[in-house]
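Comments concern the structure below.
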Amino acid sequence: MARTSERLVVGATIKDLIDDGYLVDCDIYAPSEPDLKGVKSSKGIDGLLDYNQADLEDATDKPELIGDILTHWRKLASDKPTVVFATSIAHSQHIVEQFQASGITAEHIDYHADDDERADILGRFARGETMVLSNVALLSEGWDCPACEVMILARPTRSLIRFIQMVGRVIRQAPGKTKALLLDHSGSTARLGHPCDDLPLELDDGKPKVSSKQQAERKESLPKPCPACKFMRPAGVHECPKCGFKPERLSDVLVGDGELVKLDRKKPIRRKPASTCIASCLGMVKPGDSRPAGRITNMPNFSAASTRMDCAR
Ligand SMILES: [Zn+2]
């Protein structure tokens, strides 16, 4: 966009729309996530770089993971209208079977259903006759059901746009709805950040410009799950705002993620004064220091050209 445009006019952000009462905010719990080791990424027909569908199905369509989805839904979202995003038709059907086996009204929908069947399934969900509606990607755009309050994300994604589109299904205003709830079984929030946070919109030429320092800062700004209840706390929030759990500090010094570098002992090491050294060490802060509030400050290669706010329509 930077090659064709001089200025970017940023419209209302999701956060603006929440603050102004047009959308509702979203609480997120991340009870579990699949092992994505070996899952490759590729560009889909929509041009978005994301995890390979077949690899994802192998990683997620497992009885123990599906059982975990049901367990946490019962605990945190029981009896609330819920949409599920799965990795494949089979995965979606297996999730539905698990809910049905526990006596919960659940239906699967996919592109095989004709217009009448789709209207019937969506109608039953809108009228509250079906509690859980599961799909792969059919409902991620263009489906409007403001009463839907809970989303189970069982489909890992590395696409921020796709993530926001899916979350957009549950953050619409509806009578009696004060907050949406995301049960993230995909690791997407830990990977991409809170979907309702402001995005760093700017014109770019489409090429990645993220330095290792920016990557480290971004990682530091991502939400982290509470060890006790799995609520996704904003970065820097020590005490869980949901359950009050306060992890014990192991020492007076907090150590952040960093990269170990092999030192060449043949070269003399020039040491800095201790105070300067501490200040420059990765993630080390003195006790009592506060960290910045949880906001995504840097996003890799996030092109303004592709920031369609489908979720905010
Ligand atoms: Zn907690």
- [ ] Neighbouring Cβ atoms within 10 Å as the yardstick, rank Leu70, Leu182, Leu139 fewest first.
- [x] Leu70, Leu139, Leu182
- [ ] List Thr4, Thr157 from most exposed to least, where exposure is judged by having the fewest other Cβ atoms within 10 Å.
- [x] Thr4, Thr157
TODO: Just grab the label-to-label distance for Glu117 and Leu49, each label 7 Å out from Cα along the Cβ direction, in nm (one decimal).
DONE: 3.7 nm
Task: Inter-probe distance in nm under a simple model that places probes 7 Å from Cα toward Cβ, at Asp198 and Leu138 - done: 3.9 nm
Task: Neighbourhood net charge (14 Å Cβ-Cβ; Lys/Arg +1, Asp/Glu -1) for Gln98 - done: -3
TODO: Sort Val9, Val170 so that the residue with the fewest other Cβ atoms within 10 Å of its own Cβ comes first and the one with the most comes last.
DONE: Val9, Val170
- [ ] Would you mind working out the magnitude of the charge dipole of region 14-207 relative to its Cα centre, with +1 at each Lys and Arg C-beta and -1 at each Asp and Glu C-beta, to the nearest 20 Debye?
- [x] 400 debye
Task: Globularity index of region 14-207, i.e. its alpha-carbon radius of gyration over 2.2 N^0.38 Å - done: 0.99
TODO: Select from Gln100, Leu70, Thr157 the residue farthest towards the positive end of the dipole of region 14-207; place +1 on Cβ of Lys and Arg, -1 on Cβ of Asp and Glu, and compute about the Cα centre.
DONE: Leu70
Task: Spin-label model distance (nm) - Glu6 vs Cys229, 7 Å beyond Cα toward Cβ - done: 5.2 nm
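No lab work stands behind these numbers, since they all come straight from the coordinates. Note that this is a predicted model, so its numbers are computed, not measured. For neighbour counting, all protein chains shown are included, and Cβ atoms are generated from backbone atoms with ideal geometry for every residue, glycine included.
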